[in-house]
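Just so it is clear, none of the values below were taken in a lab; they were calculated from the coordinates. This one's a predicted model, so the numbers in the text were calculated from it and none came from an experiment. Here Cβ is always computed from backbone atoms with ideal geometry, including for glycine, and neighbour counts include all displayed protein chains.
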Amino acid sequence: MPKIELMDVTKTFSEGKVLASDNITLTISDGDFVFLLGPSGCGKTTLLKLIAGLEDPSSGKILVDGKDLGMVNPEDRNIGFVFQHFQIFPSMTVFENVAYGMTVRGYDDASIERIAIEALKLVKLDHRVLAYPKELSTPELQKVGLARAIATRSRTLFLDEPLGKLDPKIRRPFRHELRRLIKTLGLTAIQVTHDQEEAMAIADKIIVMRAGKILQYGSPEDLYYRPNSIFVANFFGETNFLEGFVSNVTKDSCTFHLHLGGPKFEVKLAPGHAFKNGAQVMIGYRVEDIELIELHESMQAESQELDLEDKPKMNTIKASVTDAIFIGPSKRFIVKLENGDVIQAKHSSKFLLDIQKGEDILVGFHEHPMVFEYPDDLRKELSKA
């Protein structure tokens, strides 16, 4: 399978006035399913086209298996495409659509039939070989597009919002079927999407882009639990950010002082951090990681935990519930901390204690938050654009 390397790749348009890809260096390993994710206009589609050879870089190199992509003829690049707009030939049957690429390349009839049927079996559409596009559902049309790309024996698959036109209820199971196909065939695949949940669910690696730059490249777990910036933390999931400063800084911990005269509590820091005493910081907690504790329950818990030395430390702050919103499988709480900060928490609506609007509670924060240096432009960092 191909290894793809980008070396200081820049792409500009309009005579250099528009910077779409900004000095990108990147390695995509053999067999990885990689997602390109970011706000509209961030450059992810341009990057996909550069890697696919549909656009030439303004500067820098793109290597596939060590070969300069610009030196390889388009017909020899061995790549397949699946787009949101299916581009299925309406006058051809399912079989003829899948066989088209092989016919153009001069495959013999026996090979065309064998490979086309194999591809249609993989997408579970071999029972519709004689059907025409007008007879197919939207998911079936997308499967035809996938089968056609698979049938070309491409080693790399490029997907541009391939599930964008599917109904959400169909889209969720279909994305796992897509991953199964890619892994079964051992392909290297690169997909553009706006759907963060989709990327988290099926990607091996995710590239987060903004303004033509790669902000972070890693596994879904890395991006969700170890984001390298406030922007990335805010882009994935729902995060509460608290402002303050740190003291008693060691190699792996510090004391965080909540602003506006709020309380302080102990938090852990990542290895190799660069924080100094007095540094202004922001810490982040996912909404699902916030514990809400009824006051009478907290007194019982305090007496029970005295002997549990190995239990993870929970920092608690006095607060009041300003709203409790039922949203089906979960319940969302708007909570005002004693220093005036407002945060949100989300928990199962079925098993949660019956905490009501207006109730005084304790809020529990675990000791492993995301910790960031306070940015020069907080509004920009918190923007998802």
Original post:
Got a sec? Charge dipole of segment 1-101, +1 on Cβ for Lys and Arg, -1 for Asp and Glu; which of THR25, LEU69, GLY101 is way out at the positive end?
Top reply: THR25
Original post:
How many nm is it between the label spots at ARG77 and ASN23, if each spot is 7 Å from the Cα in line with the beta carbon?
Top reply: 2.6 nm
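Which entries of LYS169/LYS357; LYS124/LYS169; LYS268/LYS380 have Cα-Cα distances beyond 30 Å here? Intermediate values should be presented prior to the final figure.
Numbers: LYS169/LYS357 33 Å; LYS124/LYS169 19 Å; LYS268/LYS380 27 Å.
Result: LYS169/LYS357 exceed 30 Å.
With a Förster radius of 35 Å, plug the Cβ-Cβ distance of GLN344 and LYS213 into 1/(1 + (r/R0)^6) and report the FRET value to the nearest 0.05.
Result of the calculation: an efficiency of 0.70.
Grab the alpha carbons of the chain, take their convex hull, and tell me the volume per residue in Å³. Before the final figure, lay out each step's value.
Numbers: hull volume 71.6 nm³, N = 385.
In the chain, the Cα hull volume divided by residue count equals 186 Å³.
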Subject >> Inter-part distance where segment 216-269 and segment 11-51 are each reduced to a Cα centre, Å >> reply: 28 Å
Original post:
Any idea how far apart ASP323 and LYS124 come out in nm if each label point goes 7 Å out from Cα toward Cβ?
Top reply: 4.1 nm
Original post:
When the helices in the chain are scored as -39500 (n - 2.57) per DSSP H run of 4 or longer and the sum is shared across all residues, what 222 nm value do you end up with, to the nearest 500 deg cm²/dmol?
Top reply: -7500 deg cm²/dmol
Subject >> Spin-label pair TYR132/LYS264, simplified geometry with 7 Å Cα→Cβ offset, distance in nm >> reply: 7.7 nm
**OP:** Give LYS61/LYS183; LYS67/LYS384; LYS11/LYS384; LYS49/LYS165 a once-over and call out the pairs whose C-alpha atoms are over 25 Å from each other.
**Re:** LYS61/LYS183; LYS67/LYS384
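Is there a quick way to get the dipole size of segment 4-230? I mean about its Cα centre, with the Cβ of Lys and Arg at +1 and of Asp and Glu at -1; what is the value in debye to the nearest 20?
Values: 29 positive and 30 negative charges, 97 e Å.
So the dipole magnitude of segment 4-230 works out to roughly 460 debye.
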